[in-house]
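J.: Input: one structure, supplied below.
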Amino acid sequence: MLQSIIDRRLSGKNKSIGNRERFLRRVKDQVKEAVRRAVDGRSIRDMAQGEEVRIPKKDLNEPVFRHGDGGVREVVRPGNREYVKGDRAAKPQQGGGQGGGGQASDSGEGEDDFVFTLTREEFMDVFFEDLALPHLVRTELTEQPEWKTHRAGFVSDGSPTNLHVVRSMRGALGRRIALGLGKRRTLAELEAELPGATEPRRTALLAEIAELKRRLNAIPFLDPIDLRFRNRVRVPVPSTNAVMFCLMDVSGSMDESRKDLAKRFFILLYLFLTRHYEKVELVFIRHHTQASEVDEQNFFHATETGGTVVSSALLLMHQIQQARYPASQWNIYGAQASDGDNWHHDSSYCRDLLRDKLLPVCRYFAYVQVAEPEQNLWDEYSALSEEVGPHFAMRKACQASDIYPVFRELFRRDGRVAA
């Protein structure tokens, strides 16, 4: 379900379309801000739940131009019995009008903030708006191609549920006009001749007129040849095969807070991919001194830990890619989360692995460091980023509030269209 805000008010002569558009943009921005705050404050288990959005009552009114305080104005008030022309009326004291204010009232009337709840689907629509896998391209057709149905005009035979009533009635009307055109022209000529005809001729004309009317009435209102049915055909479409490698550091230097940040990032990535792409496979890799491919449950919930050898995860990713995901048939992506703590000699090896083996086959590789200090792995990756270009990106996320903006920055839509 696509989340949207629809303004159904009629445009009055004194309304500004520009003001209305700004009003709608402001409300949408408030919805996005509510989603961002929700993500920052939620636990990992509640990441994909709905959210309550509150819009202050001061923001519910459409902005309009009004006369400011001060100045001299001449106003005609109907029913006035106290003033005559030329009198000066005192300005009412502040708060003396009938409008709403912030003070207590004994009238029992007021206006609350506008509160509504986003469903899980609407929440996720706002959450992942304008995101996409960068540089995604169409790959060659697989042995079992995908099929998509397309409209293919109309046919004269089909299921009653596909009957197009308007097309059928239009065809019936055209057929009746075409079949009766000559008869109606002859009928009009005979009826025009009838008033001045002699008695024998009049009898013959009446007989011809009756026969023409009978033949006109015999034209069926709707004939089976008039029926038109919607037609759909199945056509093969190129399949977009994509695989995302998720590499997470679970070494001893990754304390619980850092692991929580890494899990938050990968949960957002998992929700984004499974929601927007039907043909994206996920490969989960956890590593300390050794790397292993695990399932989703173990990736997010296992408690295994140890030393740190980051290259083990990159090597395993390369082996899996070579064995199961040929670069000629798959769009390959990688996402790595770590605190950057690694053996010094291994960090340079990680840079070489990325530059020589992984990045040449990857459409995009994102590295997220969940710690502030820039250690040797960050330095090596920074040097690599200057060499390889935009399909390698690296960011820091040191607290929960950083995850959402970092994720959106890494996977924002780049304007490319799948070829």
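The values are calculated or read from the model by the stated rules, or taken from the named source; none is laboratory data. Quantities reported herein were computed from a predicted structural model and do not represent experimental measurements. Using ideal geometry, Cβ is built from the backbone for each residue, glycine included, and neighbour counts are taken over all protein chains shown. When the accessible area is computed, the model is the full protein with side chains, heavy atoms only, and any ligands, DNA or RNA have been set aside. Shrake-Rupley method; radii C 1.70, N 1.55, O 1.52, S 1.80 Å.
J.: So if each residue of separation counts as 0.36 nm, and I subtract the Cα-Cα distance between residue 374 and residue 177, what length gain in nm does that give?
T.: So the chain would gain 62.6 nm between residue 374 and residue 177.
J.: Work out the FRET efficiency for residue 301 and residue 401 from their Cβ-Cβ distance, taking R0 = 22 Å, and round it to the nearest 0.05.
T.: 0.40
J.: So what is the relative contact order of region 294-393, in percent, for Cα pairs below 8 Å that sit 6 or more residues apart?
T.: 31
J.: Same structure, new question: Among the listed pairs 263/396; 263/357; 279/396, give every one whose C-alpha distance is greater than 23 Å.
T.: 263/357; 279/396
J.: Consider just the alpha-carbon atoms of region 302-419 and return their Rg together with their Dmax, both in angstrom.
T.: According to the Cα coordinates of region 302-419, Rg and Dmax are 14.7, 44 Å.
J.: For residue 218 and residue 161, compute 0.36 nm times the residue count separating them, minus their Cα-Cα distance, and round to one decimal in nm.
T.: Result: 17.6 nm gained on full extension.
J.: Further, regarding this structure: Going by accessible area, probe 1.4 Å, with all protein chains left in place, what is the ranking of 308, 289, largest first?
T.: Of 308, 289, the descending order of accessible area is 289, 308.
J.: Separate question: Through the Karplus equation 6.51 cos²θ - 1.76 cosθ + 1.60, θ set to phi - 60°, convert the phi angles of region 253-265 into ³J(HN,Hα) values in whole Hz; use x for Gly and Pro.
T.: Values, residue by residue: 6, 8, 6, 4, 5, 6, 5, 5, 5, 4, 5, 4, 4 Hz.
J.: Going highest first, how would you order 264-274, 153-163 by mean Cβ packing within 10 Å?
T.: 264-274, 153-163
J.: Rolling a 1.4 Å sphere over the protein heavy atoms, what is the accessible area per residue of region 286-406, to the nearest Å²?
T.: For region 286-406, the per-residue accessible area is 43 Å².
J.: Give me a comma-separated list of calculated 3J(HN,Hα) values for region 156-171, in order, Karplus coefficients 6.51, -1.76, 1.60 applied at θ = phi - 60°, integers in Hz, x for any Gly or Pro.
T.: Working through the residues one at a time gives 8, 9, x, 6, x, 5, 9, 5, 9, 5, 5, 4, 5, 5, 5, x Hz.
J.: May I pose another question? What is the percent carbon and sulfur in the accessible area of region 216-370, measuring with a 1.4 Å probe over the protein chains and ignoring ligands?
T.: Using a 1.4 Å probe with all protein chains present, region 216-370 comes out at 50 percent carbon and sulfur.
J.: Could you work out the local net charge near residue 288, counting Lys and Arg as +1, Asp and Glu as -1, over the other residues with Cβ closer than 10 Å to its Cβ?
T.: Local net charge: -1.
J.: Also, quick follow-up: Can you tell me which of 326-332, 218-224 comes out highest on packing, and rank the rest after it, using the mean Cβ neighbours within 10 Å?
T.: My ranking of the peptides, most packed first, is 326-332, 218-224.
J.: Treating each Cα of region 195-261 as an identical point scatterer and ignoring solvent, apply the Debye formula and state log10 I(q)/I(0) at q = 0.16, 0.17, 0.19, 0.20 Å⁻¹.
T.: The Cα Debye sum returns log10 ratios of -0.86, -0.89, -0.94, -0.96.
J.: Heavy atoms only, probe 1.4 angstrom, no DNA, RNA or ligands counted: give me 199, 409, 74 ranked by accessible area, highest first.
T.: Largest to smallest exposure gives the sequence 74, 199, 409.
J.: Could you give the length gained by full extension between residue 235 and residue 28, i.e. 0.36 nm per residue of separation minus their alpha carbon distance, to one decimal place?
T.: 70.7 nm
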